[in-house]
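Read-outs throughout are calculated quantities, based only on the coordinates presented, and are distinct from any laboratory measurement. This one's a predicted model, so the numbers in the text were calculated from it and none came from an experiment. Virtual Cβ from ideal backbone geometry, glycine too; neighbours counted across all protein chains shown.
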Amino acid sequence: MSRNLDQSRALQKRAEQLIPGGVNSPVRAFRAVGSDPPYLVRGLGAHVWDADGNRYIDYVGSWGPLILGHSNPGVLEAIIQAARNGTSFGASTPTEADLAALVVEALPAIEKVRFVSSGTEATMSAIRLARAATKRKFIVKFEGCYHGHSDALLVKAGSGVATLGIPGSAGVPEEFVEFTLALPYNDVEAVEAAFAKFKGQIASVIVEPVVGNMGCVPPKPGYLAALRDITKREGALLIFDEVMTGFRVAFGGASELYLIKPDLTTLGKIIGGGLPVGAYGGPAEIMDLVAPVGPVYQAGTLSGNPLAMAAGIAALGELKANRQQFYRQLDEMSGKLVAGVTATAKEAGVAMTANRVGSMFTFFFTDKQVTDWESAATCDTPKFGRFHGALLDAGVWLPPSQFEAGFLSIAHTQGNIHDTIAAAREALTLV
Ligand code: KE4
């Protein structure tokens, strides 16, 4: 049953005249799945509604922030109360340290934290800080990992191991990425080779400890520990980019789940409760290199915005108060969802594997276990696109790309899971 999308199509037509592709972030254009993007007008709990009145069970959750579901009452009330006192001051406010205290308490590797307004700002700043702290130039990232759109991190992998990255976007001169090494994920030998080749020159290794940006890809057993050992031995800083995994895969993020203490951690998404917040943090000794205390400059007009702080405090406060129950529920429900959908693929004879860590997951249209970008790239993306479109027609909203992670929230019910599995069974007969 295909949905009426007249309003959304008209809205897209207007927006395209004013905004590149009609969108303020490329993935929202649905080009990776080849369908028309519905325009959303409302979200409540596990559901969103588009401009034509179609309702969907939402597994994007604004790309991760909405672990408590849409329009969480506590978060909304906190924003409304804060807004009654003004929206921004460009001066210090009490709530910035309130949210900082919640972050520091949840992540022992962080003694001090600086708030910014996006994950991109967080990772860009963390890289600058790592270079200042080590007085080294090179950075290591991994193929398939995304850390926002700052020049040094917008890098495609050079072929082979320990080769310099090449610009992943027009407008990024080669010189801006000549100190960026892009290595295969989950490959310890590649990291050893890089440190051997660039001995004493690598400032940091930045990694998504659980990858969300090639689809969900967990670290192989021992991989993160190896990164920790190698960087410590070589005097480089290990940066856990937990913009997506922070407060998602556990209350203390991947560092709690895998018992690894990185040198720096970047955060975003959930800590803003749906409003724009990013953060980077680490030991006071390193963080005090940041202006105005130290020589590393970083600033932001709306950093620590009072509405965003209020939303983040409310969100983290509710997660903290219910952490045992919430994360157990998220894991159990996500497990049922992934097991149910992959079982329907098996019944339909469709090649599908899945990865899941807690409440982040991806269904891959391949018969291979996806452990890195090379295996992720074997996916049948047109088939994923047809699956995605059939699910939308059935009222289920998956991330509009094979190479993104889906997210479950506390608001999702057994009924939502049941309906999603039934929709997947039907969709898989159409792909
Ligand atoms: P933002 O600048 O988009 O707030 O954060 C960048 C970022 C940094 N690190 C990780 C691990 C991330 O996942 C992201 C952003 N995630 C994407 C979704 N894969 C945002 C969605 C979008 O680009 O519209």
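Under 10 °C and 1.306 mPa s, how fast does region 239-299 diffuse according to Stokes-Einstein, given a Kirkwood radius computed over C-alpha pairs? Answer in µm²/s, whole number. Please report the intermediate quantities before stating the final value.
On the way: Rh = 12.3 Å.
Taking Rh from Cα pairs, D becomes 129 µm²/s.
At what distance in nm do the modelled label points of K368 and A291 sit from each other, each positioned 7 Å from its Cα along Cα→Cβ?
Once both label points are built, they end up 4.5 nm from each other.
Radius of gyration and Dmax for region 163-280's Cα atoms, expressed in Å?
Rg, Dmax (Cα atoms, Å): 14.9, 42.
Would you pull out the residues with amide H under 5 Å of V396's amide H, same chain only if 5 or more places away, H placed 1.01 Å from N?
I57
Where does the chain land at 222 nm, in deg cm²/dmol rounded to the nearest 500, when only DSSP H runs of n ≥ 4 count, each adding -39500 (n - 2.57), divided by all residues?
Values: 14 runs with 161 residues, N = 431.
That comes out to -11500 deg cm²/dmol.
Which percent, nearest 5, of DSSP beta bridges in region 73-321 are antiparallel?
Numbers: 12 of 29 bridges.
Antiparallel: roughly 40 percent of the beta bridges in region 73-321.
Excluding residues fewer than 8 places away in the same chain, name every one of the lysines whose C-alpha is closer than 27 Å to that of K346.
Hits, sequence-local ones excluded: K220, K336, K368, K383.
State log₁₀ I(q)/I(0) for region 73-321 at q = 0.10, 0.11, 0.14, 0.17 Å⁻¹ as given by the Debye formula over alpha-carbon point scatterers of equal weight, solvent excluded.
Computed log10 I(q)/I(0) values: -0.46, -0.55, -0.88, -1.25.
Taking 0.36 nm per residue of sequence separation and subtracting the Cα-Cα distance, how much length would be gained by fully extending the chain between F89 and A321, in nm to one decimal? Display every interim value, and only then the final one.
Details: separation 232, 0.36 × 232 = 83.52 nm, distance 3.00 nm.
Result for the pair: 80.5 nm of gain on full extension.
Taking only the alpha carbons of region 1-126, what extent do you get along each of the three principal axes, in Å, biggest first?
The Cα atoms of region 1-126 stretch 52, 33, 29 Å along their principal axes.
Please express the shape of region 341-414 as an equivalent ellipsoid: the semi-axes are the square roots of 5 times the eigenvalues of the C-alpha gyration tensor, given largest first in whole angstrom. Before the final figure, lay out each step's value.
On the way: eigenvalues 73, 47, 31 Å².
Equivalent ellipsoid of region 341-414: 19, 15, 12 Å, largest first.
Treating cross-link reach as a plain straight distance, find the lysines whose alpha-carbon is under 20 Å from the alpha-carbon of K156, omitting any fewer than eight places away in the same chain.
Within the straight-line limit of under 20 Å, K156 reaches these lysines: K137, K141, K197.
Pick out which of P173, P400, P382 has the largest mean-square fluctuation in a Gaussian network model of the chain, springs linking Cα atoms closer than 10 Å.
It is P173.
Pairs of Cα atoms under 8 Å, at least six residues apart: use those to get the relative contact order of the chain, whole percent. Show your work: numbers first, answer last.
Values: 906 pairs, mean separation 93.6, N = 431.
Relative contact order here is 22 percent.
For region 394-430 and region 1-55, what is the separation of their Cα centres, given in Å?
18
From the P(r) of region 305-431, can you give the percent of Cα pairs sitting at distances over 24 Å? Could the numbers behind the result be given before it?
Numbers: 2692 of 8001 pairs.
Result for the distance tail: 34 percent.
How far apart, in nm, are two points set 7 Å out from the Cα along the Cα-to-Cβ line at A351 and at K135?
In this crude spin-label approximation the distance works out to 5.3 nm.
Can you report the principal axis dimensions of region 277-375 using only the alpha carbons, biggest first, rounded to whole angstrom?
60, 36, 25
Can you give the alpha-carbon Rg of the chain over 2.2 N^0.38 Å, where N counts its residues? Could you put the intermediate results ahead of the total?
Values: Rg = 21.2 Å, N = 431, 2.2 N^0.38 = 22.1 Å.
That ratio works out to 0.96.
Mind listing the long-range amide H neighbours of G215? Cut-off is under 5 Å, sequence gap 5 or more, other chains count too, H placed in the peptide plane at 1.01 Å from N.
Answer set, sorted by chain and number: E404, A405.
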